[in-house]
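Visitor: Got a structure for you, questions after.
No lab work stands behind these numbers, since they all come straight from the coordinates. Just so we're clear, the structure is a prediction, and the values are computed from it rather than from any experiment. Please note: Cβ atoms are built from the backbone with ideal geometry, for glycine as well, and neighbour counts cover all protein chains shown.
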Amino acid sequence: AVSQGTLGAIIAIGNTAAVVGFGGVAQKVPAFQVAVDAMTSIPGSPLIGAAVAVSVIAGLTGSASGGQTIALPLIAPGYVDAGVNTEALHRVVAISSGALDSLPHNGYVVTTIQSVCGEKHKDAYWSVAATTVVTPVIGVIIAIILFSFGLGL
């Protein structure tokens, strides 16, 4: 049991480290800032741009917290300077970071499906996606609509 637990921990650490490392490298690529600028200049509510930027970066890094850590220093000052409600911004960022963070390359998803559940990734991922991708996307859409009407604050 100890060796099985140790192996599971090593796999989890390795998967997560690889994904976080990928996110750190992606941030250094010149096109990264171009992509962030494109996402944050989406017409309409600034909350939409913030949600898209954080969600995409979380998807690239495979980590909700990684996406927030990379995205917020880049996008928050512009939104705050533009007068975006910081409470709404915080909530939208928190919800949207959980939407694409669990794409198939996410360390936790890989570890859970393969090591914990003993399933094949291709067989089990769609059930994971339904609960960890689709549901947060719906949630962030509802949040943006509510915040646009001044509700929920």
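Visitor: How are the Cα pair distances of the chain distributed, in percent, across 10 Å bins from 0?
Guide: 11, 37, 31, 16, 5, 0
Visitor: While we're on this one: Multiplying the sequence separation of Leu151 and Ala129 by 0.36 nm and subtracting their Cα-Cα distance, what value in nm do you get? Display every interim value, and only then the final one.
Guide: Working: separation 22, 0.36 × 22 = 7.92 nm, distance 2.87 nm.
Gain in length upon complete extension: 5.0 nm.
Visitor: How high is the relative contact order of the chain, in percent, with contacts defined as C-alpha pairs under 8 Å that are six or more residues apart? Kindly include the intermediate steps, with their values, before the conclusion.
Guide: On the way: 182 pairs, mean separation 38.1, N = 153.
The normalised contact order for the chain reaches 25 percent.
Visitor: Another question about this same structure. Modelled label-to-label distance, Ile138 and Val116, 7 Å Cα→beta-carbon offset: nm?
Guide: With each label point 7 Å from Cα toward Cβ, the separation is 2.2 nm.
Visitor: Please list 94-107, 117-130, 46-59 highest first by mean number of surrounding beta-carbon atoms within 10 Å per residue. Intermediate results must be reported in sequence, preceding the final value.
Guide: Numbers: 94-107: 22.3, 117-130: 12.8, 46-59: 24.6.
So the order, starting with the most tightly packed, is 46-59, 94-107, 117-130.
Visitor: Can you find, among Leu7, Val52, Ser102, the residue sitting farthest towards the positive end of the charge dipole of the chain, where Lys and Arg contribute +1 and Asp and Glu -1 at Cβ?
Guide: The listed residue farthest towards the positive side: Leu7.
Visitor: For the chain, what is the mean residue ellipticity at 222 nm derived from helices alone (per DSSP H run of n ≥ 4: -39500 (n - 2.57); sum divided by total residues; nearest 500 deg cm²/dmol)?
Guide: So the helix-based figure for the chain works out to -23500 deg cm²/dmol.
Visitor: With only Lys, Arg, Asp and Glu charged, each at its Cβ (+1 for the first two, -1 for the last two), find how big the charge dipole of the chain is about the Cα centre; round to the nearest 20 debye.
Guide: 180 debye
Visitor: Want the number for Phe32 to His105: 0.36 nm per residue separation, take away the alpha-carbon distance, what's left?
Guide: Fully extending the segment from Phe32 to His105 adds 24.4 nm.
Visitor: Classify the stretch 101-153 as rounded, prolate or oblate, taking a ≥ b ≥ c as the square roots of the eigenvalues of its Cα gyration tensor: rounded when a/c is under 1.5, otherwise prolate if a/b is larger than b/c and oblate if not.
Guide: Cα axes put the stretch 101-153 in the prolate bin.
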